[in-house]
Amino acid sequence: MDSFMTDLQGSLGILKNPEVISYLLKGLLFTLGISLIAIVISVGVGAVLALVRNYCTRGASRILGRLAAFYIELFRNTPLMLWMFICFVMCPAPAISKGFATMLGFTSTVAVKTLFKAIVALTLFESAIMAEIVRGGLNSVARGQFEAAYSQGFGTLQTMTLIVLPQAFRNIIPTLLSQMISTIKDSSYMASLVTIELMGCTKLIISKANAYNGTWVDRFNRGTIHVTDVFVLFGFAFLVYFAINFTLSCVVRRMRREKRA
């Protein structure tokens, strides 16, 4: 028991190290940034896919509708990790300068390119989910809205952009926020490819925990990584993820209550 408490004290001491906390917070910022980028792009792509699948149902446009449906069903029914590895191997990455990589806090351009591929995979996957969410919003708009718009002289594009889409997005805001929660959690899959988001940073610190838990002596006696190191560091990541996602969940629940009222 005394040994366990000593190990736990040393593990908790890891979180008192400003370099460790700074590194983990940097990972948190990347997690939020990656998630935000993926969500913004996914909503745009998902809206286009939803419109095409919903309204390209006649004539030659049916081909586009079927392609959109194929894309949505393909990504919705396959795991994100699969697309992470496919993009890591096959997705081309833009040329990155050493200066740009340094500005982002990376020591090599390879890490930035890997990050780009991971974001592409996350965006491709989330776009399919967003498309179905937006499609649900489009279907919630009464057909009478279309007829009223046409009777006032609105064209199809004006009807969609000025009347239908605003109502659809207003109806799905709580669901979009719920999906944002899932996206933040899904970003942790990147830890298998890169070590710059929160979970990847946590895993890297665990692999070097013996340098921070008080057991390091010299380069010939590098100390031990204890089980308590794993619990403390993953526990820290757990609390961070929980705090962010629980806050968003509270916002979603409040919005849904206000919508019903």
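The residues of region 123-178 that are farther than 17 Å from ALA69 by Cβ, touching a helix residue (DSSP H, G or I) at 6+ places or on another chain (Cβ under 6 Å) and small (Gly, Ala, Ser), listed by number, are GLY137, SER140, ALA149, ALA168, SER178. Considering the conditions (1) under 14 Å from the mean Cα position of the chain (by Cα); (2) in a helix (DSSP H, G or I), LEU204 is excluded by exactly one of them, (1).
Within region 85-141, can you find the residues that are among the polar types (S, T, N, Q) and touching a residue at least 24 places away in the same chain (Cβ under 8 Å)? Steps first, please.
Step one: list which residues in region 85-141 are among the polar types (S, T, N, Q), which gives 97, 102, 107-109, 114, 123, 127, 139-140.
Listed by number, the residues that qualify are THR114, THR123, SER127, ASN139, SER140.
Going by what's in this entry, would SER35 be described as at pLDDT below 90, small (Gly, Ala, Ser) and within 30 Å of GLY235 (Cα to Cα)?
Values: at pLDDT below 90: yes; small (Gly, Ala, Ser): yes; within 30 Å of GLY235 (Cα to Cα): yes.
So SER35 fits the description; yes.
Conditions first: (1) modelled with pLDDT under 90; (2) among the hydrophobic types (A, V, I, L, M, F, W, C); (3) open to solvent by less than 100 Å² (accessible area, probe 1.4 Å). PHE234 passes all but one, so which condition is the exception? Result: PHE234 fails condition (1) only.
Quick check on my filter: what residues within region 16-36 are touching a helix residue (DSSP H, G or I) at 6+ places or on another chain (Cβ under 6 Å) and of a type outside the set (Gly, Ala, Ser)? So that I can check it myself, show each step before the final result.
Of region 16-36, the ones touching a helix residue (DSSP H, G or I) at 6+ places or on another chain (Cβ under 6 Å) are 20, 23-24, 27-28, 31, 34-35.
Correct list: VAL20, TYR23, LEU24, LEU28, THR31, ILE34.
Helices (runs of 4 or more DSSP H) fully within region 98-179 that include at least 1 residues being among the β-branched types (Val, Ile, Thr): 98-103, 109-139.
Please work out which residue is modelled with the highest pLDDT, limiting yourself to region 87-128 and to residues that are within 19 Å of the chain's Cα centre (by Cα) and of a type in the set (Lys, Arg). Filtering region 87-128 for residues that are within 19 Å of the chain's Cα centre (by Cα) and of a type in the set (Lys, Arg), the one modelled with the highest pLDDT comes out as LYS117.
Results for (1) under 21 Å from ALA111 (Cβ atoms); (2) open to solvent by 30 Å² or more (accessible area, probe 1.4 Å); (3) hydrophobic (A, V, I, L, M, F, W, C), shown as yes or no for each residue.
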{"site": "LEU12", "(1), (2), (3)": "no, yes, yes"}
{"site": "LEU24", "(1), (2), (3)": "yes, no, yes"}
{"site": "SER42", "(1), (2), (3)": "no, no, no"}
{"site": "LEU51", "(1), (2), (3)": "no, yes, yes"}
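The values are calculated or read from the model by the stated rules, or taken from the named source; none is laboratory data. Being a predicted model, the structure only gives us computed values, none of them experimental. Using ideal geometry, Cβ is built from the backbone for each residue, glycine included, and neighbour counts are taken over all protein chains shown. Note: accessible area is taken over every heavy atom of the protein model, side chains too, but ligands, DNA and RNA are not part of it. Shrake-Rupley method; radii C 1.70, N 1.55, O 1.52, S 1.80 Å.
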